[in-house]
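Single-structure report; data block below.
The values are calculated or read from the model by the stated rules, or taken from the named source; none is laboratory data. Nothing here was measured: the structure is a model prediction, and the numbers come from that model. Positions of Cβ are backbone-derived with ideal geometry, glycine not excepted, and every protein chain shown enters the neighbour counts.
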Amino acid sequence: MVAAVTIENLKKSYGPVQAVRDVSLTIQPGEIFGLLGPNGAGKTTTIRCLCTLATPDSGRLEVMGIPVVEQPQRVRQFLGYIAQEIALDKVLTGRELMQLQADLYHMPRGVAAKRIEQMIDLLELGDWADQKTGRYSGGLKKRLDLALGLLHQPDVLVLDEPTVGLDIETRSAVWRFLRQLKAAGTTILLTSHYLEEVDALADRVAIIDQGKVIAAGTPSDLKDKIGGDRITLRIREFTTDEEARSVQAMLAQLPFVQDVIINAAQGNSLNLVVERQTDSLAAVQHVLKEAGLPIFGISQSRPSLDDVYLAATGRTLMDAELAAVGQRDLKKEKKQAMKGG
Amino acid sequence: MSTTLPNSPTTLNGSTNFSNAELQAWKAGLSENSPSSPGIFSGAFVQETLAITRRLFIQLQRRPSTLVAGIIQPLIWLVLFGALFQNVPAGLFGESRNYGQFLGAGIIVFTAFGGALNAGLPVMFDREFGFLNRFLVAPLASRYSIVVASAIFIAALSLVQTAAILGLSAVLGAGLPNGPGLVLVFAIVMTLVLGVTALSLGLTFALPGHIELIAVIFVTNLPLLFSSTALVPLEFMPRWLQVVASLNPLTYAIEPIRYVYLHPNWSLNSIVLQTPFTDVSLGVSLGILVVFCAAALVLIQPLLRRRIA
């Protein structure tokens, strides 16, 4: 079977900035593929190259077996692109925008008329379809944006950060909608810097950092691969540095404990990496009781995608986000991206 | 106002209704015979161009202030500038009976030029807001549809403006060109609009943002007016400015219009302008305009392809 999307050794620079250094991934028909990474990791540039909005410096891109750079015209017919920012013409109505979209894809009049009614039903735009989009709420705008991107029934739907800036209710509704879309046979590529979004939706995921894929697989495979369970322990609500360090030394000597990390941001809580399938929780509780120490809170969990990211890069996604904020000139990046080329 | 996404309606067999038979048939037809790029001589090009044009007219209909201002402004020019030089002795402005009559042709061309020069601005805003991406990810037959749609829109506006200027000039005593003359006036306006719109859109794709585009429009607009024969005849100017004005395409739009105003029995061989280099006939003048327009359209092709490809 021909892969829905193939990206091989993609490279793309904007001036001196290497936005994408080396990205390779394959997306099978009918799956939801998540591209996870902090802001500035190269996710948007990757999908701009895929959607014919930017020309890659090097690398091979294919959609449904059609080469993107050589035959952009044919690829565009198969792709639906939903940008992070919802760009609507506020003077036009939803129906007028859908008619424009239908004409841009050269749909015959009858086909377009029926399809537009269907999208109005499907996304429950109702009477809003004939209102100017300037009057739409955020959730309504997203619904129209989805309707526009899906109007020509793309085989591959590409969404850049589909739920950024949406309220929780709309977010879970978008998730539900994307799952239904997948069930109906559409291949979906989405980028996100929300762990839980990728975890909840994606069949497979590629974690991308500084323009490179650092891990790829199903979310549960990735978590299994880094191994171990996590125990989060708080001795007291606010543990002193000294006490935290002494407990760290004590617990590190236990045979099943692989690593102990002090999380200063969480009141010096201790994060333990432990071997799977031992009664580790009880053992830790026992050791602390022996030493006469209290327990404010203790919990055990499977590793998360954030732990996968942490293991590969040595920092959490949140840290990467915060570090990136200081380094980026967002205005300049937007201009660079707008220039395309 | 609901912000929730609905649970999608389902068909009887329980699967969600994401497609329909007509759409499937249309899609199947596409993958069988999809040429890599249908080009500008295709039904697809006409369809997308009309759709983009329709959007511009809907915007105008719901925000008519640009049209109102666009008609009032040249009329104010006509009245104020006309009054400014009202007492200039007769004969200084060539064969024109009065300055108002002389000025009409200049205002017509300058107004059309200004409108076309600004054609890139809405497209630039579309680009900055990300709306243009909808056009760029779509399988357009040719991106010239964006240029042609803007040109049709600006041309329609210019025709209304031209009619208003012709009307007011007539009221002010400038008379009217004869029937074929009027046709020629409109043809000249449309050719100029197409060429200048193309250049403006080329700038839109070449420049980084609307600030830069506005700056370029600002430094282009009035200098091109003053270095043309819009306000004074060529023989009025110092020699160096005569040379500049003879290289200014606006001059070749203005002079034929001015000529047909004064000579009901005009022909393509009529001499409309005596440049420092050579005499220029009406036919040559039109030829220069057509070449300018064609050059502009060809010049922007790599920008349409590369910048936004």
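What are the residues in segment B:238-278 that are among the hydrophobic types (A, V, I, L, M, F, W, C), free of Cβ contacts under 8 Å to residues at least 24 places away in the same chain and surrounded by fewer than 18 Cβ atoms within 10 Å (Cβ to Cβ), if any?
Result: B:Trp240, B:Leu241, B:Val244, B:Leu247, B:Leu268, B:Ile271.
Can you tell which of A:Leu50, A:Leu61 is touching a helix residue (DSSP H, G or I) at 6+ places or on another chain (Cβ under 8 Å) and under 27 Å from A:Asp145 (Cα atoms)?
Result: A:Leu61 is the single residue among A:Leu50, A:Leu61 that is touching a helix residue (DSSP H, G or I) at 6+ places or on another chain (Cβ under 8 Å) and under 27 Å from A:Asp145 (Cα atoms).
Residues checked against (1) over 17 Å from B:Val185 (Cβ atoms); (2) in a helix (DSSP H, G or I):
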residue	(1), (2)
B:Trp240	yes, yes
B:Pro256	no, yes
B:Val272	no, no
B:Pro302	yes, yes
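For segment B:56-160, which helices (runs of 4 or more DSSP H) that fit wholly inside it have 1 or more residues that are more than 14 Å from chain A (Cβ to nearest Cβ) and of a type in the set (S, T, N, Q)? Write out each step before concluding.
Values: elements: B:65-84, B:99-117, B:120-129, B:132-136.
The helices (runs of 4 or more DSSP H) meeting that bar are B:65-84, B:99-117.
Show the residue pairs meeting these rules: Cβ distance below 9 Å; 6+ apart or different chains; first residue within segment A:1-27 and part of a loop (DSSP other than H, G, I, E, B); second residue aromatic (Phe, Trp, Tyr).
A:Ala4/A:Phe33; A:Ala4/A:Phe78
Over 20 Å from B:Leu50 (Cα atoms), in a helix (DSSP H, G or I) and not acidic (Asp, Glu): which single residue out of B:Leu182, B:Leu176 fits that description?
From the options B:Leu182, B:Leu176, the qualifying one is B:Leu182.
Which of (1) within 30 Å of B:Phe18 (Cβ to Cβ); (2) within 13 Å of chain B (Cβ to nearest Cβ) does A:Leu35 not meet, given it meets every other one?
(2)
Given B:Arg143, B:Arg127, B:Arg134, B:Arg97, which one is of a type in the set (Lys, Arg) and closer than 19 Å to B:Leu297 by Cβ?
Every option except B:Arg143 fails the conditions.
I'm told A:Ser58 meets every condition in (1) in contact (Cβ under 8 Å) with a residue 60 or more places away in the chain; (2) more than 10 Å from every other protein chain (Cβ to nearest Cβ); (3) surrounded by fewer than 20 Cβ atoms within 10 Å (Cβ to Cβ) except one. Can you identify the failing condition by its number?
(1)
Can you pull out every residue in segment A:155-182 that is in contact with a Gly (Cβ under 9 Å, 6 or more places away or on another chain) and under 17 Å from A:Ala4 (Cα atoms)?
A:Asp155, A:Val156, A:Leu157, A:Val158, A:Leu159, A:Lys182
Within segment A:103-130, restricting attention to residues that are of a type in the set (A, V, I, L, M) and within 8 Å of chain B (Cβ to nearest Cβ), which residue is farthest from the chain's Cα centre (by Cα)? Spell out how you get there, then give the answer.
Filtering segment A:103-130 down to residues of a type in the set (A, V, I, L, M) leaves A:104, A:107, A:111-113, A:116, A:119-120, A:122-123, A:125, A:129.
When the remaining residues are screened for being within 8 Å of chain B (Cβ to nearest Cβ), the result is A:104, A:107, A:111, A:122-123.
Values: A:Leu104: 29, A:Met107: 32, A:Val111: 34, A:Leu122: 25, A:Leu123: 23 Å.
The residue in question is A:Val111.
Only strands (runs of 3 or more DSSP E) wholly contained in segment A:204-251 count here; list those with 3 or more residues that are within 16 Å of the chain's Cα centre (by Cα). Step through it out loud before you land on a result.
Details: elements: A:204-209, A:212-217, A:229-234.
Counting at least 3 such residues, we get A:204-209, A:212-217.
How many of the residues making up segment B:4-44 are farther than 30 Å from B:Gln301 by Cβ, surrounded by 11 or more Cβ atoms within 10 Å (Cβ to Cβ) and modelled with pLDDT under 60?
9
Select from segment B:233-266 the residues that are in contact with a Gly (Cβ under 9 Å, 6 or more places away or on another chain) and β-branched (Val, Ile, Thr) and list them in ascending order.
B:Ile254, B:Ile257, B:Val260
Among the numbered criteria (1) within 18 Å of B:Glu22 (Cβ to Cβ); (2) at the interface with another protein chain (Cβ under 7 Å from one of its Cβ atoms); (3) surrounded by fewer than 23 Cβ atoms within 10 Å (Cβ to Cβ), which one does A:Ala87 miss?
The single condition A:Ala87 does not satisfy is (1).
Could you please find all residues in segment A:208-224 being under 30 Å from A:Ala282 (Cβ atoms) and in contact (Cβ under 8 Å) with a residue 12 or more places away in the chain?
A:Pro219, A:Leu222, A:Lys223
With the structure loaded, tell me whether B:Leu231 is assigned to a loop (DSSP other than H, G, I, E, B) and touching a residue at least 60 places away in the same chain (Cβ under 8 Å) or whether it fails that test.
Details: assigned to a loop (DSSP other than H, G, I, E, B): yes; touching a residue at least 60 places away in the same chain (Cβ under 8 Å): yes.
Yes.
Can you give me the number of residues within segment A:194-207 that are touching a residue at least 12 places away in the same chain (Cβ under 8 Å) and over 24 Å from A:Asp155 (Cα atoms)?
Residues flagged as touching a residue at least 12 places away in the same chain (Cβ under 8 Å) and over 24 Å from A:Asp155 (Cα atoms) within segment A:194-207 amount to 2.
For a quick check of your reading of the model, give me the residue pairs whose first member lies in segment A:102-129 and is in contact (Cβ under 8 Å) with a residue 12 or more places away in the chain, whose second is surrounded by fewer than 17 Cβ atoms within 10 Å (Cβ to Cβ), with beta-carbon atoms closer than 6 Å and at least 6 apart or on different chains.
From residues that are in contact (Cβ under 8 Å) with a residue 12 or more places away in the chain, the pairs are A:Glu124/B:Pro6.
Anything in segment A:197-220 that is of a type in the set (A, V, I, L, M), in contact with a helix residue (DSSP H, G or I) (Cβ under 8 Å, 6 or more places away or on another chain) and within 29 Å of A:Glu169 (Cα to Cα)? List them, or say none.
Once the filter is applied, which keeps residues that are of a type in the set (A, V, I, L, M), in contact with a helix residue (DSSP H, G or I) (Cβ under 8 Å, 6 or more places away or on another chain) and within 29 Å of A:Glu169 (Cα to Cα), segment A:197-220 yields A:Val198, A:Ala200, A:Leu201, A:Ala202, A:Val205, A:Ile207, A:Ile208.
Return yes or no: is A:Leu317 more than 30 Å from B:Pro208 (Cβ to Cβ), at pLDDT 80 or above and not charged (D, E, K, R)?
Considered against the rule, which asks whether it is more than 30 Å from B:Pro208 (Cβ to Cβ), at pLDDT 80 or above and not charged (D, E, K, R), A:Leu317 comes out as no.
Select, from A:Leu166, A:Leu159, A:Leu190, A:Leu181, the only residue that is under 30 Å from B:Asn17 (Cβ atoms), in contact with a Lys or Arg (Cβ under 9 Å, 6 or more places away or on another chain), surrounded by 17 or more Cβ atoms within 10 Å (Cβ to Cβ) and among the hydrophobic types (A, V, I, L, M, F, W, C).
Going through A:Leu166, A:Leu159, A:Leu190, A:Leu181 in turn, the sole match is A:Leu166.
Could you grab me the full set of residues in segment B:150-170 that are within 13 Å of B:Arg54 (Cα to Cα) and surrounded by fewer than 22 Cβ atoms within 10 Å (Cβ to Cβ)?
Correct list: B:Ile152, B:Ala156.
Has segment A:268-279 got at least one residue that is modelled with pLDDT of 70 or more, over 17 Å from A:Ala252 (Cβ atoms), outside any loop (DSSP other than H, G, I, E, B) and not assigned by TED's automatic domain parsing to the domain that holds A:Asp209?
no
If you go through segment A:131-186, how many residues are touching a strand residue (DSSP E or B) at 6+ places or on another chain (Cβ under 7 Å), part of a loop (DSSP other than H, G, I, E, B) and within 7 Å of chain B (Cβ to nearest Cβ)?
Residues in segment A:131-186 being touching a strand residue (DSSP E or B) at 6+ places or on another chain (Cβ under 7 Å), part of a loop (DSSP other than H, G, I, E, B) and within 7 Å of chain B (Cβ to nearest Cβ): 1 in total.
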